[in-house]
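Any read-out appearing in this document is the output of simple, stated calculations on the displayed coordinates, not a laboratory observation. Keep in mind that this is a model prediction, so the values were computed, not measured. When we count neighbours, we look across all protein chains shown, and the Cβ atoms used for this are built from the backbone with ideal geometry, even at glycine.
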Amino acid sequence: MAKCDYCEIAESGTHIYEDDRVVVALSPEPASLGHVLVLPKDHLTILEQVPDFLAGHLFSVANAVSTSIFETLRVHGTNIIIENGLAAGQKIAHFAINIIPRSENDGMGFNWAPKRLSEDDLSTIELQLKEQTRNIGGFQKNEKKPLTINDEDKTLDSSEGDYMMRQLDRLP
């Protein structure tokens, strides 16, 4: 199976930032100068597939990169956009956070006409969403990692003046 374009970017080694779970790279189809993508290294298609601990990390990295864009490019703002699914304009089936630098009067625009909905429609959708989201908050906080045990024998020397070690020496 051929890898997706974003997987290839993640493996290319030409990144602005990289850690063990995330890469940040310039967008191959930029909306403006400095448009970057924050990508998980794992191939995850949409936000709903991203584990909570990774989503938090992705957004933390996006926040830091957005700050860097403000400071480096002296822009007036950024759009942080996730195209989540085909109907939302997602062209590549790999989750990505787009950070698009913006300046006043840059001509890009990002406006939509608000819909006029009845009170009944608003009330109905509010109740449905409240019911569906009532269990939010039980997030997986950390990545589950296997426990490793170091078998090396280590002795602690309390003669170095370590307060905790001196306290342990006092115990009967």
- request: Multiply the residue gap between Glu8 and Thr45 by 0.36 nm, knock off their C-alpha separation, and tell me the result in nm, one decimal place.
  value: 11.9 nm
message: Suppose the chain between Arg21 and Lys130 were pulled fully straight at 0.36 nm per residue; how much longer would it get relative to their current alpha carbon spacing?
response: 36.0 nm
field: Cα→Cβ-extended label distance, 7 Å offset, between Phe59 and Thr148, nm
entry: 3.0 nm
task: Give, in nm to one decimal, the length gained when the segment between Asn111 and Lys91 is fully stretched (0.36 nm per residue of separation minus the Cα-Cα distance).
output: 5.1 nm
- prompt: If we restrict to alpha carbons, what Rg and Dmax does region 5-102 come to, in Å?
  reply: 12.5, 34
